[in-house]
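Values quoted throughout were computed directly from the atomic coordinates according to the rules given, and no laboratory measurement underlies them. These numbers were taken from a predicted model, which means no experiment stands behind them. Because the Cβ atoms are built from the backbone with ideal geometry, glycine has one as well, and the counts that use them run over all protein chains shown.
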Amino acid sequence: IFGYLNYLVKRDRRFIADILINGLHRLEYRGYDSSGIAFDGDNVNENSNSERTCILVRQKGKVEELEHAVKILSGINWEGEYTVHVGIAHTRWATHGEPNAVNSHPQRSDDLNQFVCVHNGIITNYKDIKQYL
């Protein structure tokens, strides 16, 4: 698991994505079945109370495959600078479930990515949590 919070320092989205991907490369020995990242979307407006979107990319295979999938994303303003930005990344070694994009992390709450999360290990009370959410 690798997280990134940018607060009050101007960074463009390409820099932020590169930080997340480079962090995963360093962690790849801990899991290499699949990987994924999530970061703030293009509607980030620091002077607005509007809801933010979350860009989520998950890929089966090594981190370099995720890196390629991120590089070919379309419709993203990579050069836009932000002073507040957050991202999270994860590599997975499958213990339960097939190694594929659906089972990789970050996991999302719904199709709108209202929230995303990552974890290591097995969540034994997942049915209770799913019912609660």
What pairs can you find where one residue is in the range 116-131 and within 18 Å of Arg58 (Cβ to Cβ), the other is among the polar types (S, T, N, Q) and part of a loop (DSSP other than H, G, I, E, B), and their Cβ atoms are less than 9 Å apart, with a gap of 6+ or different chains? Val116/Ser109; Cys117/Ser109
Name the residues in the range 75-96 that are hydroxyl-bearing (Ser, Thr, Tyr) and over 16 Å from the mean Cα position of the chain (by Cα), would you? Tyr82, Thr83, Thr95
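Would you check if there is a residue in the range 77-98 being surrounded by fewer than 16 Cβ atoms within 10 Å (Cβ to Cβ), of a type outside the set (A, V, I, L, M, F, W, C) and in a strand (DSSP E or B)?
Narrowing the range 77-98 to residues surrounded by fewer than 16 Cβ atoms within 10 Å (Cβ to Cβ): 77-81, 83-84, 93-98.
Next, from what is left, pick out any that are of a type outside the set (A, V, I, L, M, F, W, C): 77, 79-81, 83, 95-98.
From what's left, in a strand (DSSP E or B): 81, 83.
Among the residues of the range 77-98, at least one is surrounded by fewer than 16 Cβ atoms within 10 Å (Cβ to Cβ), of a type outside the set (A, V, I, L, M, F, W, C) and in a strand (DSSP E or B), which makes the answer yes.
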Could you give every pair whose Cβ atoms fall below 6 Å, whose first residue belongs to the range 55-76 and is in contact (Cβ under 8 Å) with a residue 12 or more places away in the chain and in a strand (DSSP E or B), and whose second residue is surrounded by fewer than 17 Cβ atoms within 10 Å (Cβ to Cβ) and among the acidic types (Asp, Glu), counting only separations of at least 6 or pairs across chains? Gln59/Glu65
